[in-house]
Amino acid sequence: MTFDQGEFFDRLFAGQRVMAIWRGLPADETVALSERVWDAGFDLVEVPIGKPGQEAALAAAVNAAAPSGRAVGAGTVVSAGHVERAAAAGAAYTIAPGLNPAVLEASHAAGLPHLPGVATASEVGLARDLGCTWVKVFPASTLGPDWFKAMHGPFPEMKFVATGGVGPDEIDTYIEAGASVIGMGSALADPTNLAKLVG
């Protein structure tokens with residue numbers, strides 16, 4: 001199917017700088033933490049489903065998000081089977097740590113926009129050629145802020161979600177370097193860190 005990946009994520013990420021990632025948590029805790037960040041003004045929530053059974057937490061977050069019209073994404077989607085589980089749980093989009101054209105195709109065929117992961121110029125270029133203008137950069141803290149500055153030269157049209165090891169005190173550094181959104185996990189579960197971002 002024809003799918004405008006960029007247009008979807010342009011809308012999803014508009015006005016947002018942080019995405020909460022709740023990995024491996026029980027469904028009730030996933031919902032509680034999601035509601036906390038939603039109440040704080042952060043709309044973006046990803047629930048990874050790399051391990052069997054994790055889609056229960058995803059489905060719970062999807063149900064909790066529905067009344068407010070928020071979209072919840074499925075993370076660690078690295079196979080066609082993961083795409084099926086994400087769709088069954090009601091995910092609005094899928095996210096992967098790497099770039100697999102078959103997973104991208106399967107996700108888009110299921111009607112789910114896909115955010116592939118990249119870590120090299122070759123992967124950024126391939127993602128662009130596959131029709132993606134948004135990509136997840138992983139692991140962002142290992143690559144560092146200078147990576148984002150370097151990639152904006154040859155790929156000015158690409159937009160980056162920096163994920164992996166970026167803390168609340170580093171968000172501005174990565175945004176200034178060229179990231180559009182920061183994916184953050186356990187650090188956001190700490191109310192002190194959440195207060196920093198709100199303030």
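Taking only C-alpha pairs under 8 Å that are 6+ residues apart, what is the relative contact order of segment 69-127 in percent? Walk me through the numbers before you get to the answer.
On the way: 89 pairs, mean separation 19.0, N = 59.
Across segment 69-127, relative contact order equals 32 percent.
Where both bridge residues fall in segment 29-137, DSSP classifies roughly 0% of the beta bridges as antiparallel. Accessible-area rank, largest first, for Ser79, Ser122, Ser68: Ser122, Ser68, Ser79, with all protein chains present and a 1.4 angstrom probe.
With charges only on Cβ, +1 for K and R and -1 for D and E, what is the dipole size of segment 155-199 about its Cα centre, in debye, rounded to 20? Display every interim value, and only then the final one.
On the way: 2 positive and 6 negative charges, 26 e Å.
Computed charge dipole of segment 155-199: roughly 120 debye.
Once the 1.4 Å probe is applied to the protein heavy atoms, segment 19-80 comes out at 40 Å² accessible per residue.
Using a 1.4 Å probe on the protein chains only, how many percent of the accessible area of segment 46-199 belongs to carbon and sulfur?
Values: 3410 of 6100 Å².
Of all accessible area on segment 46-199, carbon and sulfur atoms account for 56 percent.
Where does each of His114, His152 land when they are ordered by accessible area, with a 1.4 Å probe and the largest first? Don't skip to the answer; put the middle values down first.
Numbers: His114 0, His152 60 Å².
The ordering from most to least exposed comes out as His152, His114.
In the chain, the DSSP-assigned H stretches of four residues or longer account for a calculated mean residue ellipticity at 222 nm of -12500 deg cm²/dmol, using -39500 (n - 2.57) per stretch and the full residue count as denominator.
Find the percent of Cα-Cα distances in segment 120-178 that exceed 20 Å, and round it to a whole number. Please report the intermediate quantities before stating the final value.
Working: 316 of 1711 pairs.
When all Cα pairs of segment 120-178 are counted, 18 percent exceed 20 Å.
Which residue, Met19, Met151, Met184, has the most motion in a Gaussian network model of the chain that connects Cα atoms within less than 10 Å? The residue that fluctuates most here is Met151.
Residues in segment 121-199 average 44 Å² of solvent-accessible surface per residue, probe 1.4 Å, ligands and nucleic acids excluded.
Using only C-alpha positions, report the orientation-averaged shadow area of the convex hull of segment 1-123, nm², one decimal. Kindly include the intermediate steps, with their values, before the conclusion.
Values: hull surface 29.7 nm².
In nm², the orientation-averaged hull projection of segment 1-123 is 7.4.
Short-range pairs are left out: with C-alpha atoms under 8 Å and at least six residues apart, the relative contact order of the chain is 19 percent.
Working note: Cα atoms of segment 87-166, range along each principal axis, descending, whole Å: 38, 27, 16.
The values are calculated or read from the model by the stated rules, or taken from the named source; none is laboratory data. Quick caveat: nothing in here was measured; it's all calculated off a predicted structure. Methodologically, a virtual Cβ is constructed for each residue, glycine included, from the backbone with ideal geometry; neighbour enumeration extends over all protein chains shown. To get the accessible areas, we keep the full protein, side chains included, count just its heavy atoms, and leave off ligands, DNA and RNA. Shrake-Rupley method; radii C 1.70, N 1.55, O 1.52, S 1.80 Å.
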